[in-house]
1. Using the Cα centre of the chain as origin and beta-carbon charges of +1 (Lys, Arg) and -1 (Asp, Glu), tell me which of LEU46, ALA20, HIS94 is placed farthest towards the positive end of the dipole.
2. Ranked highest first by the average count of other Cβ atoms within 10 Å around their residues, in what order do 9-17, 75-83 fall?
3. Within the chain, which complete DSSP H helices have Cα atoms spanning at least 15 Å along the helix axis and a mean Kyte-Doolittle hydropathy of 0.0 or higher?
4. Which distance in nm do the two modelled labels at GLU47 and ALA23 give, with both placed 7 Å along the Cα-to-Cβ direction?
5. Pick the calculated Kirkwood radius over Cα pairs in Å for this structure from (1) 22.0; (2) 14.5; (3) 15.6?
Amino acid sequence: MRHELGRKVRQVLGPLVGAALMAYFGYHAVQGDRGLIAWWNLRFELERIDQQLAMVSAEQAELEHRVSLLRPDSLDRDMLEERARIMLGTIDPHDLIIPDPTSTPEN
């Protein structure tokens, strides 16, 4: 009887250990630090960062264009006047000022 019980335990124990190992490695293949879910999240984060890079690159190109207009070899008088007015806080008497209806008055 004891010999029979030991044989049945060995028959069940092998597949049980194998199934436990498969479950362990399967869980970590999906949920682990380098599993499918982590890869999925990294992919979406990379897409978001690529979009942000595209926006920053476009902004950089616009700023580089505006800076090129202020270089001494290709000075744009309108750009120079705009920058001077912003820096000095002045307006021309012939300028038309249109108030922004969405802004709140400062107290």
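Quick note: the coordinates plus some simple rules give every number you see, no bench work behind them. Since this is a predicted model, take the numbers as computed values, not measurements. Neighbour counts are summed over all protein chains in view; Cβ atoms, including those assigned to glycine, are modelled from backbone coordinates with ideal geometry.
1. Selected residue: ALA20.
2. 75-83, 9-17
3. Numbers: long enough: 2-31 (42 Å, 0.13); 36-68 (47 Å, -0.21); 77-88 (16 Å, -0.53).
Flagged H segments are 2-31.
4. Placing both labels 7 Å beyond Cα along the Cβ direction yields 3.4 nm.
5. Evaluating Kirkwood radius over Cα pairs in Å on these atoms matches (1).
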